[in-house]
1. If contacts are Cα pairs under 8 angstrom and at least 6 residues apart, what is the relative contact order of segment 8-276 in percent?
2. Mind checking the dipole of segment 8-276: about its Cα centre, +1 per Lys or Arg Cβ, -1 per Asp or Glu Cβ, Debye to the nearest 20?
3. Using the per-residue mean of other Cβ atoms lying within 10 Å as a proxy for protection, in what order, highest first, do the peptides 31-43, 225-237 fall?
4. Can you compute the helix-only [θ] at 222 nm over the chain? Use -39500 (n - 2.57) per DSSP H run of at least 4 residues, normalise by all residues, nearest 500 deg cm²/dmol.
5. Given H placed on each backbone N at 1.01 Å, which residues far from residue 199 in sequence or on other chains put an amide H within less than 5 Å of it?
6. May I ask you to derive the relative contact order of segment 125-277, considering only C-alpha pairs under 8 Å and at least 6 residues apart, and to give it as an integer percent?
7. Hey, with R₀ at 30 Å, roughly what FRET efficiency would residue 255 and residue 175 work out to, going by the Cβ-Cβ distance, to 0.05?
8. Short version: ³J(HN,Hα) in whole Hz for each residue of segment 9-23, in order, from phi by Karplus 6.51 cos²θ - 1.76 cosθ + 1.60 (θ = phi - 60°), x for Gly and Pro, what are they?
Amino acid sequence: MSDTWQHIRYEIPVDRVARITLARAETANAQDYRMLSELNEAFDRAARDESVRVIVLAADGKHFSSGHDLRAGTSMDDIEPIGTQCHFDAPGAEGYMATEAEMYVGLCWRWRNIPKPTIAQVQGKVIAGGLMLVWPMDLIVCAEDATFSDPVVAFGVNGHEYFTHPYEVGARLAKEMLFTGRAITAEEALRHGMVTKVVPNAELESSTLELASHIARRPMFGLTLAKQSVNNTLDAMGMYTAIQSAFGLHHVGHNHNLRLHDSLVDPEGIAVIRSEA
Ligand code: ZN
């Protein structure tokens, strides 16, 4: 648990507010399974702490997160699954689909439904899987230099695994982001309602804590009921079904790549993405 966490930090910076910080600045907070597992444990700790009413997710370094760590690193053998998925080592599509269902869609959906307000505190680049940490949060405070992109169509898949793009930025911009792979700016994200507010980099931490403290003065159960009501509305609009539908197509993409390239992603994608970054 907390004394063994390597990739995150946990603290109570102000009364009633827990802050979880991604602490792999040397990799631009690339997410391996260990980081995601630690993050989940930290969210659980904040959710179960009766003295915490608001949870902030922050990140060390210049960039919030460069996405999933694609290098060989931790495997499912290194962590304790918390969902009901299984057969992670199964051949064919079975094992990898279960792995992504557990580690990506499953965890994101779990965090999205924590019955306390959550706030992402975002600076620098947020790329692909990085969005999967930002979008499940209820509010997003971002610095002026924040940018958001999901360029993975270049890898021959539809987008990252937690496919809420149309809910976050609207269908038109979602398609443009996916088709072109371009990063949208903080100001653009604000205009489309994707972020709560944009502040100067120097004020990012104080502004986020101020918002968290303001919210934390309200009664816990009122906050929980308000959050659940908005989430229920999104669910009535088909959010969960849309995510699962896109996840199925995502795995058509992975398996298409396996047949053509013997790789989960189109190997030419990385050069395309780098040339445009
Ligand atoms: Zn995938």
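1. Normalised by residue count, the contact order of segment 8-276 is 18 percent.
2. Working: 24 positive and 35 negative charges, 168 e Å.
With Lys and Arg at +1 and Asp and Glu at -1, about 800 debye.
3. 31-43, 225-237
4. On the way: 11 runs with 116 residues, N = 277.
Estimated from H runs of four or more residues: -12500 deg cm²/dmol.
5. 142, 143, 144
6. Details: 187 pairs, mean separation 46.6, N = 153.
Result for segment 125-277 is 30 percent.
7. FRET efficiency, residue 255 to residue 175: 0.80.
8. Listing the rounded values in order: 10, 10, 8, 10, x, 9, 3, 6, 10, 9, 10, 10, 10, 5, 10 Hz.
The numbers here are math on the coordinates, done by the rules we state, and not lab data. Keep in mind that this is a model prediction, so the values were computed, not measured. Every residue, glycine as well, gets a Cβ built from its backbone with ideal geometry; the counts of neighbours run over all protein chains shown.
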